[in-house]
Structures are given as structure tokens and as C-alpha cells.
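Contents: one structure, followed by commentary.
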There are 2 protein chains.
Amino acid sequence: MKIAFDKLDKAFENRVRLQIMSVLSVNSRYDFNSLKELLNITDGNLASHLKGLEKEEYIMVHKSFLGRKPNTNYEATDKGKKAFKDHLDTLEQLIKQQKIN
Amino acid sequence: MKIAFDKLDKAFENRVRLQIMSVLSVNSRYDFNSLKELLNITDGNLASHLKGLEKEEYIMVHKSFLGRKPNTNYEATDKGKKAFKDHLDTLEQLIKQQKIN
DNA sequence: TTATTTACTTTGAAAATCAAAGTGCTTTTA
DNA sequence: TAAAAGCACTTTGATTTTCAAAGTAAATAA
């Protein structure tokens, strides 16, 4: 059996983006600062990875106020959830294949 | 439950190196040209990824002759097999975690 | 009014990735 | 026997990716 490596999504190759998608598929929403603390990266770096996922339409942004403070939340889109699932399914096949041998 | 993303091995982040390790954990040995055809990449590109894995001591090289032609074979080391397994185990945990939610 | 917070954008450097060309050696073909 | 081709690279250089740091704007808190 051959594994379709070409089904692996380049957008999820990077560790940070993999983490973001994991968080956003377990939590329906997650805000910028919590994400930044969780991943322990600079805000600029986080912002650019978020932007990358947004460009692919894998996540979307919700801007609101918590009391008087601005609060930006991120949410995985259906497209993003599907793409992430497909990616993990491919990885799962790969893992299974390895276990047989 | 928290997933240890930091256990993901950077050496296996790249698609080509992931494929190489997959092939070398199913096949005890695989030669340069077959690998090149399988992955459908240029020889220079393959060589540099192989070198990267060799530098980590994840694979080793066997040079021999098939008849009169030189033939270079690659084999995963124990260290490489372990590292690859650990990497896949971490990915598996991530996948499981996603399925619960 | 000065400092701080939030959520960025911009900049630039470093690292990663890749194709293409070059290399040295051998073997096959004309 | 000269030329072409195969093998397994190395080198080069361009492009892309990744990241930290600095800059920004708008608002709030001290």
C-alpha cells in the first residue's frame, strides 16, 4: 500500500501552525494572547502564522471587547477543519502502515 | 491533556525526509536511484536530505557494487528508528486527542 | 500626561529548500 | 578508442520560510 504523501498539507508542516490548528479544533475559540502564551513565541511570529492560516481560509478572526479591552479571537473555519482532518488522516495512515511492518 | 509538541523532531518536519524515513523503516535497505524515482525529486535534492539525516545519525550508507555498477544503499540506524517512532508516537497522540474532541 | 496594553505590520537576518550545473569515476556504446 | 551515459554525489545560487525585533496606532490605566 502506498501512502499519498502529496495529501499532506504544506500549511500544517510547520510546528507552530500545527499547534494553532490543534488548539482551534479542540477549542472553538482562542484569543491572541492566550495563544501567544501557550505557544511561547513572539507576537510578531504568531501574527504571521495566523495570517498564513487566514490566507488559506483555514481560520477566521473575531474582534470584540472584553470590558473595554480589545480582544481578538480565532476560530477554525469548516474548510480549515476539513483540511486539518485530512492532513491528520494521512498521517494516521502513515503511522498505521509503520506499525504493520 | 497536553501534547508535547516539543517532542516533534525537526528532522522529520520536511515532507521528503518524512518519506525517506517511512521507506527506510519498512524496507531495511533502499538504494539511491530507487529512492530518487519513488520520491520524484532531483538527485541533488535527495542527496542533501539524505545528508541531513546522516548528519543526525538517523541513517547510514552502504556502498557496494551490483555487478560492475556502483550501488549506494541507505539504512535507518537504531537511533533513527527510535527517533522516527517517537515522532510518530507524538503525532499519534495528537491525532487521538483530536478524535476525542 | 505618561506609560502600558493589544494586536498587529514592517524590516531584515538567518535558515531551509530546491533545481541546475558541475565533478570524478566507471562503464557502455558506436 | 572515443564519445556518451550512469552513478552519486557537491557546489552554487535563487527562492522561500521562519523568526525576532522594532515600529505603529488606538485605547486605557496610573
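The values are calculated or read from the model by the stated rules, or taken from the named source; none is laboratory data. Note that this is a predicted model, so its numbers are computed, not measured. Cβ coordinates were reconstructed from backbone atoms using ideal geometry, including for glycine residues, and neighbour counts include every protein chain displayed. When the accessible area is computed, the model is the full protein with side chains, heavy atoms only, and any ligands, DNA or RNA have been set aside. Shrake-Rupley method; radii C 1.70, N 1.55, O 1.52, S 1.80 Å.
Taking the criterion of being assigned to a strand (DSSP E or B) and either among the aromatic types (F, W, Y) or under 13 Å from the mean Cα position of the chain (by Cα) (or both), the residues of the range A:62-101 that qualify are A:F65, A:Y74, A:E75, A:A76. Taking first residues from the range A:7-24 that are more than 10 Å from chain B (Cβ to nearest Cβ) and partners that are in a loop (DSSP other than H, G, I, E, B), the Cβ contacts under 8 Å between residues at least 6 apart in sequence or on separate chains come to A:A11/A:E56; A:A11/A:Y58. So which residues in the range B:25-35 are away from every other protein chain (no Cβ under 13 Å) and open to solvent by 70 Å² or more (accessible area, probe 1.4 Å)? Passing the criteria: B:R29, B:N33. Have a look at B:K69, B:K55 and point out the one that is more than 14 Å from chain A (Cβ to nearest Cβ) and more than 8 Å from DNA strand D (Cβ to nearest atom). Of B:K69, B:K55, the one residue that is more than 14 Å from chain A (Cβ to nearest Cβ) and more than 8 Å from DNA strand D (Cβ to nearest atom) is B:K55. Test B:L46 against the criterion of being surrounded by 15 or more Cβ atoms within 10 Å (Cβ to Cβ) and under 24 Å from A:K99 (Cα atoms), and give yes or no. No; evaluated as a whole, the condition is false for this residue.
Determine whether the range A:72-79 contains at least one residue that is more than 9 Å from DNA strand C (Cβ to nearest atom) and open to solvent by 90 Å² or more (accessible area, probe 1.4 Å). Before the answer, list the steps.
Just the residues of the range A:72-79 that are more than 9 Å from DNA strand C (Cβ to nearest atom), to begin with: A:75-79.
Next, from what is left, pick out any that are open to solvent by 90 Å² or more (accessible area, probe 1.4 Å): A:78-79.
Yes, because at least one residue in the range A:72-79 is more than 9 Å from DNA strand C (Cβ to nearest atom) and open to solvent by 90 Å² or more (accessible area, probe 1.4 Å).
For the range B:46-101, a residue qualifies if it is more than 16 Å from B:E13 (Cβ to Cβ) and polar (S, T, N, Q), and the qualifying residues are B:S64, B:N71, B:T72, B:N73, B:T77, B:Q93, B:Q97, B:Q98, B:N101. If you check B:I59, B:I41 for being within 20 Å of A:T90 (Cβ to Cβ), without any contact (Cβ under 8 Å) to a residue 40 or more places away in the chain and either within 11 Å of DNA strand C (Cβ to nearest atom) or surrounded by 12 or more Cβ atoms within 10 Å (Cβ to Cβ) (or both), only one passes: B:I41. Within the range B:89-101, residues that are more than 8 Å from chain A (Cβ to nearest Cβ) sit with their Cβ atoms under 9 Å from residues that are open to solvent by 30 Å² or more (accessible area, probe 1.4 Å) and of a type in the set (G, A, S), at 6+ positions apart or across chains, in these pairs: B:T90/B:A4; B:Q93/B:A4. If you filter the range B:9-49 down to residues that are in a loop (DSSP other than H, G, I, E, B) and within 12 Å of DNA strand D (Cβ to nearest atom), you find that the one that is farthest from B:T72 (Cα to Cα) is B:E13.
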